[in-house]
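So the structure is just underneath, and the comments pick up after that.
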Amino acid sequence: MKTKHYLTHDDVETILAASKAYAIANNWAVCISVVDDGGHLLGFLRLDGSAPASVEISQGKAYSAAVRRRPTKGDEEMVNNGRVSALSMPGITFLEGGVPIVIDGETVGAVGVSGVKSSDDALIASAGIAALQA
């Protein structure tokens, strides 16, 4: 039987703290979501000044990155490059800013961020993941 990696509460706290620190260092008001490999919410932060819409968008980005096992940037590019039929995929958010958490080649969850430019959202998510893997 295979042993499965998973995110612990401490892992989620590490990711959120590092993502928050990166966002605050850049004066970015964002929402940060961490999900497990099935896209279920494990942790969430809404920084002061972030838009109400960013709550659900960050969770959608995290969910999409987890269940698709890839960064949401690729999904956004796919649609932008003309594959609009992809928009029919149920529950998927087609905006950059969702990044999967991969441990030993296995996706164990994802981080989704919303509130600033999508490429900056992805940087915040990646900063949180980097802290976990340090």
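Worth a mention:
- Of all the listed residues (Leu42, Leu7), the sole one being outside any loop (DSSP other than H, G, I, E, B), in contact with a strand residue (DSSP E or B) (Cβ under 6 Å, 6 or more places away or on another chain) and more than 19 Å from Ser118 (Cβ to Cβ) is Leu42.
- Tallying residues that are assigned to a helix (DSSP H, G or I) and surrounded by 15 or more Cβ atoms within 10 Å (Cβ to Cβ) within the range 83-134 yields 13.
Rundown of residues vs (1) polar (S, T, N, Q); (2) surrounded by fewer than 21 Cβ atoms within 10 Å (Cβ to Cβ); (3) within 12 Å of the chain's Cα centre (by Cα), yes/no style:
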residue: Ala21; (1), (2), (3): no, yes, no
residue: Cys31; (1), (2), (3): no, no, yes
residue: Asp48; (1), (2), (3): no, yes, no
residue: Ser64; (1), (2), (3): yes, no, yes
residue: Lys73; (1), (2), (3): no, yes, yes
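- Conditions (1) under 26 Å from Ala134 (Cβ atoms); (2) in a helix (DSSP H, G or I); number of the one not met by Glu77: (1)
Okay, residues lined up against (1) polar (S, T, N, Q); (2) closer than 18 Å to Ser118 by Cβ:
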{"position": "Ala25", "(1), (2)": "no, no"}
{"position": "Asp36", "(1), (2)": "no, no"}
{"position": "Ala51", "(1), (2)": "no, yes"}
{"position": "Gln59", "(1), (2)": "yes, yes"}
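- Some residue of the range 77-88 being within 25 Å of Ala25 (Cβ to Cβ) and among the hydroxyl-bearing types (Ser, Thr, Tyr): no
- Qualifying residue in the range 38-58 (condition: touching a helix residue (DSSP H, G or I) at 6+ places or on another chain (Cβ under 6 Å) and more than 17 Å from Lys20 (Cβ to Cβ)): yes
- Test: residue in the range 50-57 that is more than 21 Å from Thr8 (Cα to Cα), free of Cβ contacts under 8 Å to residues at least 24 places away in the same chain and not β-branched (Val, Ile, Thr): yes
Every number in this text was worked out from the coordinates using simple rules, so none of it is lab data. Note that this is a predicted model, so its numbers are computed, not measured. Glycine also receives a Cβ, built like all others from the backbone with ideal geometry; neighbour counts cover every protein chain displayed.
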